[in-house]
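Have a look at the structure below before the remarks.
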Amino acid sequence: MTEVTVTDVQHKAETILAEHGLCDHCLGRQFARLGFGLENWERGLIVRDRLDRGKDLDEESFVRDNIPDEEPGREGCGLCDGLFVELDRYVNRVLNALDRYQFDTFLIGCRPPAEVVEAEEALWEEVGIQWVEPIKSEVNRLIGKQIEEQLEVTVDFERPDINAIMDIGKDRVEMQVNSIFIYGKYNKYSRDLPQTRWPCGNCRGKGCDDCDWTGKQYQESVEELVAEPFLRAAKAVETKFHGAGREDVDAKCLGKREFVLELVEPEMRNLDPQELADKVNEMYGDRVEVFDMQFTDRHKVEEVKSRRADKTYRALVQLTDSVSDEQLERLDQIEGTVKQATPTRVEHRRADRVRERTVHSVDWERVDEDRFELTVAAEAGTYIKELISGDAEKTRPSVSQLLGTEAECIELDVIGIEY
């Protein structure tokens, strides 16, 4: 580290005062790393006072006892152009912008006018950047300190609830409101309900005769039913639903599937997740039910979406021909490794390749001569409908292959999810 000497500090101060008309804030900011517990305007007063009285200026000069008994200068400034004179007004602008939001943590940012930034950089080129604090940093700190005191909230540099950016050149405040994340699990009891919003296949969400101008293939989804009371309570702009996989639209989910509900740009944050979950269950409990709703963070989204959970399914199987119990006993051969090429029904959106999956167990119970109930425990990613039909032999072995007759899954339930 370069040794700090009287000549270093004093020469820099004399050069600035002789050639640049700076306010006390901007003057003191050039020595911001010297001394402790001082504001920059106090450092500026110390610099002026000691040089005016012909005293040496060094590292040891920046102590509270050396602050003269006077207010910071309010004269014009060749660097900030009076920015600090207007600081209280900027604080009020930020307070007004924050007024409609509930939050516990915050962060302040600012954008000084381009000419101020250019003037600061030009000064640094002339006198160096040793000991300085950028003007953005000082403005952020001073505004943030007042917000913290007046609203009794806390600065958070990592993940604040809200970030207010004061654009000084345009005299406006931009708000960056971080999402609320709520973890939960759901059961779906309907066979006509997708997990997330499903745009109309004809108009792609724009609205047409086919979708009755709603823009949706299905008028409701698990996401929309679960999100409704949360969206309203939080006064959020929108929601995003992050599920741990998904079941088919026509499949029930009885195994409590994990999800994270993201509330985007909420105004209200003081929510009671369980109380809102009770409202979901009261209004839509015959179609979807939620459990264990609780606050979480954005990291939970990746955790939930990347989870590969083995599942247990119950399927009602319809056969073209009747079969005997002896034939049904062949289904034990499905246990073990199953090879599945990309199913016909999803090949338009997934890579065409063969996947190997493990079937842990298979059990069956006859319903009548050409129908039976199949219970399958399988590795994550196993296509159960194709395990039954064979999908034109793209899945081997399959129920259809082993029984020697066409087999179709007419009802499918997810009855267990292993987390």
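Identify, from the list 227, 164, the residue that is assigned by TED's automatic domain parsing to the domain that holds residue 101 and out of contact with any Pro (no Cβ under 7 Å at 6 or more places or on another chain). Please lay out each step first, then the result.
Working: 227 fails: assigned by TED's automatic domain parsing to the domain that holds residue 101.
Every option except 164 fails the conditions.
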What number of residues in region 23-48 are outside any loop (DSSP other than H, G, I, E, B), buried (at least 24 other Cβ atoms within 10 Å of the Cβ) and among the hydrophobic types (A, V, I, L, M, F, W, C)? 4
Give me a count of the residues in region 103-127 that are crowded, with 16+ Cβ neighbours inside 10 Å and within 16 Å of residue 148 (Cβ to Cβ). 7
If we ask which residues in region 298-311 are in a loop (DSSP other than H, G, I, E, B) and exposed (fewer than 13 other Cβ atoms within 10 Å of the Cβ), their number turns out to be 1
Looking at region 375-399 only, could you name the residues that are surrounded by 17 or more Cβ atoms within 10 Å (Cβ to Cβ), in contact (Cβ under 8 Å) with a residue 60 or more places away in the chain and among the hydrophobic types (A, V, I, L, M, F, W, C)? 376, 377, 378, 384, 388, 399
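Being modelled with pLDDT of 90 or more, under 41 Å from the mean Cα position of the chain (by Cα) and in the same structural domain as residue 81 (by TED's automatic domain parsing) narrows it down to one of 53, 33, so name that one. Even if it seems obvious, please write down each step before you answer.
On the way: 53 fails: under 41 Å from the mean Cα position of the chain (by Cα).
Being modelled with pLDDT of 90 or more, under 41 Å from the mean Cα position of the chain (by Cα) and in the same structural domain as residue 81 (by TED's automatic domain parsing) holds for just one of 53, 33, which is 33.
Look through 289, 282, 275, 224 and report the one residue that is surrounded by 15 or more Cβ atoms within 10 Å (Cβ to Cβ), in a helix (DSSP H, G or I) and out of contact with any Asp or Glu (no Cβ under 9 Å at 6 or more places or on another chain). Give the steps one after another, and end with the answer.
Details: 289 fails: in a helix (DSSP H, G or I); 282 fails: surrounded by 15 or more Cβ atoms within 10 Å (Cβ to Cβ); 275 fails: surrounded by 15 or more Cβ atoms within 10 Å (Cβ to Cβ).
It is 224.
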Given the conditions (1) without any contact (Cβ under 8 Å) to a residue 12 or more places away in the chain; (2) farther than 24 Å from residue 305 by Cβ; (3) surrounded by fewer than 14 Cβ atoms within 10 Å (Cβ to Cβ), report the number of the one that residue 352 does not fulfil. (2)
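Answer yes if at least one residue in region 265-279 is closer than 22 Å to residue 416 by Cα, modelled with pLDDT of 95 or more and assigned by TED's automatic domain parsing to the domain that holds residue 186, and no otherwise. Step through it out loud before you land on a result.
Step one: of region 265-279, the residues closer than 22 Å to residue 416 by Cα are 277.
From what is left, the residues that are modelled with pLDDT of 95 or more are 277.
Those left that are additionally assigned by TED's automatic domain parsing to the domain that holds residue 186: 277.
Yes, region 265-279 contains a residue that is closer than 22 Å to residue 416 by Cα, modelled with pLDDT of 95 or more and assigned by TED's automatic domain parsing to the domain that holds residue 186.
The values are calculated or read from the model by the stated rules, or taken from the named source; none is laboratory data. Keep in mind the model is a prediction, meaning the values are calculated, not measured. Please note: Cβ atoms are built from the backbone with ideal geometry, for glycine as well, and neighbour counts cover all protein chains shown.
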